[in-house]
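Have a look at the structure below before the remarks.
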Amino acid sequence: MVNYGGDEVSALVIDIGASSVRAGYAGDDCPKAIIPTSYGYHPAPPDADVTMSDGAENIDAVNKSKFANIYIGQSGPSIWREGMEVGNPMVEGLIQDFNPIKPLIDHALEKTMRVNSSEHPILVTEPTWNTPANRERMAEIMFEEFNVPAFYIANTGVLNAFAAGKGSALVIDVGQSMASVTPVVDGFVLRKGLSYSPLPKLIHAHARHILISPTPHRRGIELLPHQLIANKTLVDAGAPPKFTIRQDRIAGTTESWRNWAETREIDEWVQSVAGVLDQGWNDAVAAQRTARQYEFPTGYNNYFGLERFQVGEQFFTHSPQLVASNPNLPKTIPQLITEALRACDPELRQVLMGNVVLTGGGTLFSGFADRLTAELTRSFPHTKIHAPGNPVERRYGGWLGGSILASLGTFHQLWISKEEWQEHGKPIVGQRCK
Amino acid sequence: MKGYIDILAPSAPETSSVSQRGEKEGERAFQSSRQNERRSPQPLIIRYSTLSGHHHPHHPAFVPTMSSGVGVNDQCLTAFQDLKLKKKFKYIIFNLNKDLTEIVVEKTSDNQSYDDFLGDLPETECRWVIYDFEFEKEGGGKRNKIIFLSWSPDDAKIKQKMVFASSRDALKRSLTGVAVEIQGTDFSEVAYESVLDKANRGH
Ligand SMILES: Nc1ncnc2c1ncn2[C@@H]1O[C@H](COP(=O)(O)OP(=O)(O)OP(=O)(O)O)[C@@H](O)[C@H]1O
Ligand SMILES: [Mg+2]
């Protein structure tokens, strides 16, 4: 509880990632609202009046120029609509398009949590590579559009280190679009050592490649989402699927929606089937592991053996062929760590390797923590990895850290109050939130 | 069919399909870059032990870093001075008060047994400790060093870990003369040998 203007109110905590927007009350142990960051929209036709369609957010909340309608949350992109496009404001871990941010946060706070933002201080998280302009813009949105009484923006690396009980830690965050390694030293980010890459996208691209390419043993797989399938019949493993396409929807399906839907198919396959070998690549070991069965929305189903481990291997190594033909491959986890440690002297390296913190949904990838331990102990025998077993704690460590911090009465000294914002404007953000 | 990698490197030429790599390569990614490092050593950027206290020289009272805002009770400083200057204690254990508003002294002791001291560290709760560590410097006779230990065991509750980690700087800043800092998450990290090793490494 925070004492604000005499009233005891809970602060709110918002953590925006490429996959989801997490929002909830400070002091809670998990976010009340977790809504997909991708949203559906109908673009505004130039100079035309628009009518509200089913499931659309209140148009007042929507930036008037860009969207005719915007669809968020449960009735968001997962519901097929004719001509609906899908957007996502995040690029490389940063908010690139602020237009949908207000509707997304509105949805989380007002629709899902049913709170009035003007009554609650709000703490927002940011990655280390956030830009000053971006955080100031966030402060502006909070104060000017959400009317919050107080605001703070907190670094996810430090939040994760603190939530693990550590002032100094090497924080490894693997999300939907970015993987990053952040050295935190005595509660400060050692910026020089920050390293990050869009590695999760390569994992995803690799999984797609494996699925859609035919092999000697099976055909290429069609990644049709269930929304485009009228009905399907049960078939044997590996047999051609028998399904009927919803022809009525094909013409009205946009490319951005189709991409989004396929990405979801791949993501589900990755989460249920893919893994990584814990001791490094080995054909024999990979072949020995049990193959896993998976069924796609078309009804096509098959067993996936060796292939499922090739996907996870990409977190740790790139094949020479891939490297030869792609000079700009995203850095692997070991490369990111090496780069981060280069900014640290040997003594600090020892401290950091004894305090490695795993966070982000990507670290839940089957076998990830074990493989990382194997890789790191080869070079640093004293490696100790902190990887919360509780999936909420693991995936939303940044949110959770912010939740605890913002719930402390003593934290009031750090909030930027509305009065301070009005008096000092944007520079106060950089001064207060280091 | 387009090479799947195109989305990442649009200008890249056609890619050959990805196949398995030998076991060795798994190691190379990490170790070869370390070899590079050895060949062209990077200049030393920041020393761990000199980091604290140098960040915000203009804000002695107000620290605009992400911290809990928890205060430090005066008794902490008094006890610390008694240990440092008057050698009244061997160690001091600090805790947060019940309301989580202030850091307070939980225990002072002149018990010389390191094992007894370890017995004072709770298995599932966080604490801070100042310890007057006496040891034989290799070839240099008896030495004393003041150790600052942040004790945050793996099994402590996440809320306590968070509050302790984000309050540590406040306590640390008010205690001048600490020679060695240790972050302990299990008993092996605070074992006598491990502390001795760290104490010996400093100047
Ligand atoms: N059990 C699991 N196995 C494999 N991957 C998982 C698992 N659970 C979640 N993920 C992956 O985690 C990713 C989402 O993680 P997270 O919520 O940390 O990302 P984000 O913070 O939204 O994204 P970013 O940090 O890139 O902005 C998804 O890509 C999802 O595939
Ligand atoms: Mg993230």
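The values are calculated or read from the model by the stated rules, or taken from the named source; none is laboratory data. Note that the coordinates shown come from a computational prediction; the quantities given were computed from them, not determined experimentally. Note that we place each Cβ from the backbone using ideal geometry, even for glycine, and neighbour counts take in every protein chain shown. In case anyone asks, the SASA skips ligands and DNA or RNA and just uses the protein heavy atoms, side chains included. Shrake-Rupley method; radii C 1.70, N 1.55, O 1.52, S 1.80 Å.
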Selected residue (criterion: most open to solvent (accessible area, probe 1.4 Å)) from residues of the stretch A:354-372 that are of a type in the set (A, V, I, L, M, F, W, C) and away from chain B (no Cβ under 13 Å): A:LEU364
Among strands (runs of 3 or more DSSP E) completely within the stretch A:142-229, the ones holding 3 or more residues that are touching a helix residue (DSSP H, G or I) at 6+ places or on another chain (Cβ under 6 Å) and within 14 Å of ligand 1 (Cβ to nearest atom) are A:179-185
Can you find, within the stretch A:229-255, the residue that is most open to solvent (accessible area, probe 1.4 Å) among those that are touching a residue at least 24 places away in the same chain (Cβ under 8 Å) and either within 14 Å of another protein chain (Cβ to nearest Cβ) or under 12 Å from A:GLU82 (Cα atoms) (or both)? A:ARG249
If I filter the stretch A:158-175 for residues that are farther than 20 Å from A:TRP415 by Cα and of a type in the set (D, E, K, R), do I get at least one hit? yes
Looking at the stretch A:383-434, which of its residues are facing chain B (nearest Cβ under 9 Å) and of a type in the set (A, V, I, L, M)? A:LEU400, A:ILE404, A:LEU405, A:LEU408, A:LEU414
When A:THR125 is evaluated against the numbered criteria (1) open to solvent by less than 10 Å² (accessible area, probe 1.4 Å); (2) assigned to a strand (DSSP E or B); (3) touching a Phe, Trp or Tyr at 6+ places or on another chain (Cβ under 9 Å), which criterion, by number, is the only one it fails? (1)
Residues of the stretch A:386-412 that turn out to be open to solvent by 40 Å² or more (accessible area, probe 1.4 Å) and either within 14 Å of ligand 2 (Cβ to nearest atom) or outside any loop (DSSP other than H, G, I, E, B) (or both), as a count: 6
Of the residues that sit in the stretch A:308-324 and are free of Cβ contacts under 8 Å to residues at least 24 places away in the same chain and open to solvent by less than 10 Å² (accessible area, probe 1.4 Å), which one is nearest to A:THR338 (Cα to Cα)? A:SER319
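Every residue, every condition in (1) at the interface with another protein chain (Cβ under 10 Å from one of its Cβ atoms); (2) open to solvent by 10 Å² or more (accessible area, probe 1.4 Å); (3) more than 21 Å from the chain's Cα centre (by Cα); (4) at pLDDT 95 or above, yes or no:
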residue	(1), (2), (3), (4)
A:GLY167	yes, no, yes, yes
A:ILE172	no, no, no, yes
A:VAL185	yes, no, yes, yes
A:LEU194	no, yes, no, yes
Could you tell me whether any residue of the stretch A:96-119 is open to solvent by 10 Å² or more (accessible area, probe 1.4 Å), within 16 Å of ligand 2 (Cβ to nearest atom) and in a helix (DSSP H, G or I)? no
Does A:VAL2 satisfy being modelled with pLDDT under 95, open to solvent by less than 10 Å² (accessible area, probe 1.4 Å), in contact with a helix residue (DSSP H, G or I) (Cβ under 9 Å, 6 or more places away or on another chain) and more than 16 Å from ligand 1 (Cβ to nearest atom)? yes
The listed residue being touching a strand residue (DSSP E or B) at 6+ places or on another chain (Cβ under 6 Å) and within 14 Å of chain A (Cβ to nearest Cβ), out of B:GLU102, B:GLU106, B:GLU125: B:GLU102
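Matching residues to (1) touching a strand residue (DSSP E or B) at 6+ places or on another chain (Cβ under 9 Å); (2) among the aliphatic types (A, V, I, L, M); (3) assigned to a loop (DSSP other than H, G, I, E, B):
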residue	(1), (2), (3)
B:ASN111	yes, no, yes
B:VAL129	yes, yes, no
B:GLY139	no, no, yes
B:SER150	yes, no, no
Please enumerate the residues belonging to the stretch B:163-183 that are crowded, with 20+ Cβ neighbours inside 10 Å and in a strand (DSSP E or B). B:GLU181, B:GLN183
Does any residue in the stretch A:174-193 that is away from ligand 2 (no atom under 16 Å from the Cβ) come within less than 9 Å, Cβ to Cβ, of a residue that is in a strand (DSSP E or B) and among the aromatic types (Phe, Trp, Tyr) six or more places away or on a different chain, and which pairs are these? none
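Listed here are the residues, each with its yes/no results for (1) within 23 Å of A:PRO183 (Cβ to Cβ); (2) modelled with pLDDT of 95 or more; (3) within 14 Å of ligand 1 (Cβ to nearest atom).
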{"site": "A:ASN326", "(1), (2), (3)": "no, no, no"}
{"site": "A:GLU347", "(1), (2), (3)": "yes, no, no"}
{"site": "A:MET353", "(1), (2), (3)": "yes, yes, no"}
{"site": "A:LEU358", "(1), (2), (3)": "yes, yes, yes"}
{"site": "A:GLY361", "(1), (2), (3)": "yes, yes, yes"}
{"site": "A:GLU375", "(1), (2), (3)": "yes, yes, no"}
{"site": "A:ILE385", "(1), (2), (3)": "yes, yes, no"}
Pick from the stretch A:344-353, criterion open to solvent by less than 10 Å² (accessible area, probe 1.4 Å) and at the interface with chain B (Cβ under 8 Å from one of its Cβ atoms), ranking: nearest to ligand 2 (Cβ to nearest atom): A:CYS344
Test A:LEU341 against the criterion of being more than 7 Å from chain B (Cβ to nearest Cβ), more than 16 Å from ligand 2 (Cβ to nearest atom), over 26 Å from A:GLU268 (Cβ atoms) and at pLDDT 95 or above, and give yes or no. yes
Going through the stretch A:279-329 one residue at a time, which ones are within 11 Å of chain B (Cβ to nearest Cβ) and acidic (Asp, Glu)? A:ASP283, A:GLU307, A:GLU313
So B:HIS56 ticks every box in (1) modelled with pLDDT under 95; (2) at the interface with chain A (Cβ under 10 Å from one of its Cβ atoms); (3) over 20 Å from B:GLY177 (Cα atoms); (4) open to solvent by 40 Å² or more (accessible area, probe 1.4 Å) but one. Which box is left unticked? (3)
